[in-house]
Amino acid sequence: MNASVSITTPLDPATFAMVEELARYRGITGEEFAAEAIRDAAEHHAGMRAFIQEGIDSADRGELISQEEMEIWFEERVAARRRG
């Protein structure tokens, strides 16, 4: 069963105007824009939750890394993002 559901939520006028303008620019309705934005946000947060759970599971198995190793990993991620 893949029936669509609706969500009703209040938006402040500035946000609503921005959604409508961006939707018009893309040639879609405000509702379509909102549905896509919610889907993108949900996918992003689900991915983050899975990433965090991987770390928790790894720590639970005793697979820990030092502060220095973490800083190197983080610096490499930042550098990779800057490169594109």
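Loop only per DSSP, at most 15 neighbouring Cβ atoms within 10 Å: give me the GluC sites (Glu not before Pro) in the chain, ordered by residue number. Please list the in-between numbers first.
Details: sites: 20, 21, 31, 32, 36, 43, 54, 63, 68, 69, 71, 75, 76; in loops: 63.
Counting only loop positions with at most 15 other Cβ atoms within 10 Å, the GluC sites (Glu not before Pro) in the chain are 63.
If the Kirkwood radius is taken over C-alpha pairs of segment 19-58, then at 25 °C and 0.890 mPa s the Stokes-Einstein diffusion coefficient equals 212 µm²/s. Expressed as an acute angle from 0 to 90° and rounded to the nearest 10, what is the orientation of the C-alpha long axis of helix 30-60 relative to the principal long axis of the chain? Tilt relative to the chain: about 10 degrees.
Among the trypsin sites (Lys or Arg not before Pro) in the chain, those placed in a DSSP loop whose Cβ has at most 15 other Cβ atoms within 10 Å are 61. Computed from Cα atoms, the angle from the helix 67-83 axis to the main principal axis of the chain rounds to 40 degrees. Counting only protein heavy atoms and a probe of 1.4 Å, the accessible surface of segment 20-72 is 56% carbon and sulfur.
Per DSSP helix of 4 or more residues, -39500 (n - 2.57); summed, then divided by the residues of the chain. What does that give at 222 nm, rounded to the nearest 500? Working shown, then result.
Details: 3 runs with 62 residues, N = 84.
Dividing the helical sum by the residues of the chain leaves -25500 deg cm²/dmol.
Protein heavy-atom accessible surface, 1.4 Å probe, per residue over the chain: 93 Å².
The values are calculated or read from the model by the stated rules, or taken from the named source; none is laboratory data. The structure presented is a predicted model; accordingly, all values stated were derived computationally and were not measured. All Cβ positions, glycine included, derive from the backbone under ideal geometry; neighbour counts span all protein chains shown. Only protein heavy atoms, including side chains, enter the accessible area calculation; ligands, DNA and RNA are left aside. Shrake-Rupley method; radii C 1.70, N 1.55, O 1.52, S 1.80 Å.
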